[in-house]
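Below is one structure, written out as structure tokens; comments come after it.
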Amino acid sequence: MTRLPQPLRAIAFDWGGVFTEGTFDSRAHARLAELHGLDAADVLPVYLELMEGFEVGEFDMPEFHRCFQAAVGRTSTLAEFRATFLGAVREREAMYDLLASLPDDVPLAMLSNNSPELCDVVRDDPRMRKLRAFVFSNEIGVRKPDERAFAALSSALALPPAATVFIDDNSDNIAACERLGFVGLLLDTVPSFAARWHSLFPDLPLPPGFG
């Protein structure tokens, strides 16, 4: 049986910015801008405002599409809009390698600000099969860094916050989880993350992609 440093028992991950290179939103809004023949800088505030509702399940993909078109004054088909949005992922292969390398007896989970349809793509990925729980903002109606999101993670793992390491690329989310008793592990740069990982988990080596 694998023993993590006490009192740690589980590891939880964000998705965007952790399993992706850069944030998902940074690519998605630029791709949607290109689809509609617009400047990415002009689309960004519209996109982010709509994502606030999309990521807490206020509307589905067709409604997101309709709202986006109305806001930018351009049209596209739902099929091409969906493909452009869902296709904005640029994977961080090293993180998938890390996930695959973790011992099977360590409980793993995900807490992600996510959206309808995209969350299904993430959850249904065979490489995510080691995760025991998925907590998506659009399914619980609240986004990080709200403490209710982290409470949902604890409930899904059936563990207290102090028993869980949470990995995120957003320093605000790390600060929020640490205030609640989680052990936060920031992924800002690969070298910094690797140093923090080795300090926290000296017996769990990182795959080659982390240097």
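Overview of results
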| quantity | calculated |
| --- | --- |
| Hey, E21 acidic (D, E), buried (at least 17 other Cβ atoms within 10 Å of the Cβ) and within 30 Å of F166 (Cβ to Cβ) or not | no |
| Scope the range 145-164; condition under 15 Å from the mean Cα position of the chain (by Cα) and under 16 Å from V183 (Cβ atoms); matching residues | P145, F150, L153 |
| Filter pass, D39 being without any contact (Cβ under 8 Å) to a residue 24 or more places away in the chain, farther than 27 Å from A94 by Cβ and among the acidic types (D, E) | yes |
| Residue match in the range 99-114 (condition: assigned by TED's automatic domain parsing to the domain that holds P191, under 23 Å from L186 (Cβ atoms) and touching a Pro at 6+ places or on another chain (Cβ under 9 Å)) | yes |
| Which listed residue is out of contact with any helix residue (DSSP H, G or I) (no Cβ under 7 Å at 6 or more places or on another chain), outside the structural domain of N173 (by TED's automatic domain parsing) and outside any helix (DSSP H, G or I), from E58, E34, E63 | E58 |
| Tally of residues being in a strand (DSSP E or B) and not small (G, A, S) across the range 1-31 | 3 |
| Condition met for S199 (farther than 22 Å from S26 by Cβ, of a type outside the set (A, V, I, L, M) and loosely packed, with under 13 Cβ neighbours inside 10 Å) | yes |
| Qualifying residue in the range 152-159 (condition: within 22 Å of S26 (Cβ to Cβ), in contact with a strand residue (DSSP E or B) (Cβ under 6 Å, 6 or more places away or on another chain) and surrounded by 15 or more Cβ atoms within 10 Å (Cβ to Cβ)) | no |
| The listed residue being modelled with pLDDT of 95 or more and crowded, with 20+ Cβ neighbours inside 10 Å, out of A109, A133 | A109 |
| Any hit, the range 4-18, residues being surrounded by fewer than 18 Cβ atoms within 10 Å (Cβ to Cβ), over 22 Å from the mean Cα position of the chain (by Cα), within 28 Å of V135 (Cβ to Cβ) and free of Cβ contacts under 8 Å to residues at least 12 places away in the same chain | yes |
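The values are calculated or read from the model by the stated rules, or taken from the named source; none is laboratory data. The structure displayed is predicted, hence computed values, not measured ones. Note that we place each Cβ from the backbone using ideal geometry, even for glycine, and neighbour counts take in every protein chain shown.
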